[in-house]
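Participant: Can you read through this structure? Questions will come right after.
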Amino acid sequence: MRSTRALAVSATAIAALGLTASQAVAWDTSSNIVAMPSAIARGGQLTVTVDGCPSGGTMTSRAFPRADLSPIRNHSETSKGTATVNSSATPGAYDIRVHCEGKPALTKSAAFTVIGGVRGGLGGSSSDGATPTDMAIGGSLVGLALVGGGVFWMRRRAESRI
């Protein structure tokens with residue numbers, strides 16, 4: 001039994017490694033673009049690092065306005081920039097297009113994901129409140145809890161008289 005499990009785990013690990021290795025070979029130069037964090041709320045700050053961009057440049061996306069890339073000291077081939085995601089950006093994956101000085105433009109598809117924003121003062125939700133369906137479900141659950149508690153209490157009370 002244990003050897004079967006070990007064999008299954010080993011086969012899965014080897015298959016996963018084989019798939020990733022083939023994808024790594026197929027990557028183009030757009031893999032030089034790294035956006036951190038990879039999932040960000042609307043209005044958040046996104047840091048983008050680009051390898052192979054020694055003189056700086058600019059970056060653009062549908063989620064944020066054009067931002068500058070500056071060379072990083074002690075890293076002769078790397079530039080870095082910060083962009084603020086629009087508060088009106090819709091949730092989903094976004095591409096980043098980088099224009100390095102003296103080099104062709106690079107595009108990283110699905111470089112980061114915008115997630116729904118949070119309104120902290122309203123209970124941590126970005127929705128406009130409970131829907132009528134939510135209210136009906138919640139009300140029926142509270143009603144069932146009250147009826148069940150009453151039945152339990154009445155049965156316990158009747159048992160104590162015997």
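The values are calculated or read from the model by the stated rules, or taken from the named source; none is laboratory data. Just so it is clear, the structure is predicted and the values come from calculations on it, not from any experiment. Because the Cβ atoms are built from the backbone with ideal geometry, glycine has one as well, and the counts that use them run over all protein chains shown. Heads up: the accessible areas ignore ligands, DNA and RNA and are worked out on the full protein's heavy atoms, side chains in. Shrake-Rupley method; radii C 1.70, N 1.55, O 1.52, S 1.80 Å.
Participant: Against the condition outside any loop (DSSP other than H, G, I, E, B), at pLDDT 90 or above and open to solvent by 90 Å² or more (accessible area, probe 1.4 Å), how does VAL147 come out, does it pass?
Facilitator: Working: outside any loop (DSSP other than H, G, I, E, B): yes; at pLDDT 90 or above: yes; open to solvent by 90 Å² or more (accessible area, probe 1.4 Å): yes.
Here the answer is yes, as VAL147 does meet what is asked.
Participant: Scan segment 82-96 for residues that are touching a Gly at 6+ places or on another chain (Cβ under 8 Å) and either open to solvent by less than 10 Å² (accessible area, probe 1.4 Å) or among the hydroxyl-bearing types (Ser, Thr, Tyr) (or both) and jot them down.
Facilitator: Scanning segment 82-96 gives THR84, VAL85, SER87.
Participant: Taking the residues in segment 97-110 that are open to solvent by less than 60 Å² (accessible area, probe 1.4 Å) and touching a helix residue (DSSP H, G or I) at 6+ places or on another chain (Cβ under 9 Å) as candidates, determine which candidate is farthest from ALA35 (Cα to Cα). Quick ask: steps written out before the conclusion?
Facilitator: To start, the set of residues in segment 97-110 that are open to solvent by less than 60 Å² (accessible area, probe 1.4 Å) comprises 98, 100, 105-108.
Going one step further and asking which of them are touching a helix residue (DSSP H, G or I) at 6+ places or on another chain (Cβ under 9 Å), we end up with 98, 106-108.
Numbers: VAL98: 12, LEU106: 14, THR107: 12, LYS108: 9 Å.
Among those that are open to solvent by less than 60 Å² (accessible area, probe 1.4 Å) and touching a helix residue (DSSP H, G or I) at 6+ places or on another chain (Cβ under 9 Å), it is LEU106.
Participant: Identify all residues within segment 34-50 that are part of a strand (DSSP E or B) and surrounded by fewer than 16 Cβ atoms within 10 Å (Cβ to Cβ); write none if there are none.
Facilitator: Taking segment 34-50 and keeping what is part of a strand (DSSP E or B), we get 34-36, 39-41, 45-50.
MET36, ALA39, GLN45, THR47 - these are the residues of segment 34-50 that are part of a strand (DSSP E or B) and surrounded by fewer than 16 Cβ atoms within 10 Å (Cβ to Cβ).
Participant: Of all residues in segment 97-114, which are among the aliphatic types (A, V, I, L, M) and over 16 Å from the mean Cα position of the chain (by Cα)? Spell out the reasoning first.
Facilitator: Residues of segment 97-114 that are among the aliphatic types (A, V, I, L, M), as a first pass: 98, 105-106, 110-111, 114.
Within segment 97-114, VAL98, ALA105, LEU106 meet the criteria.
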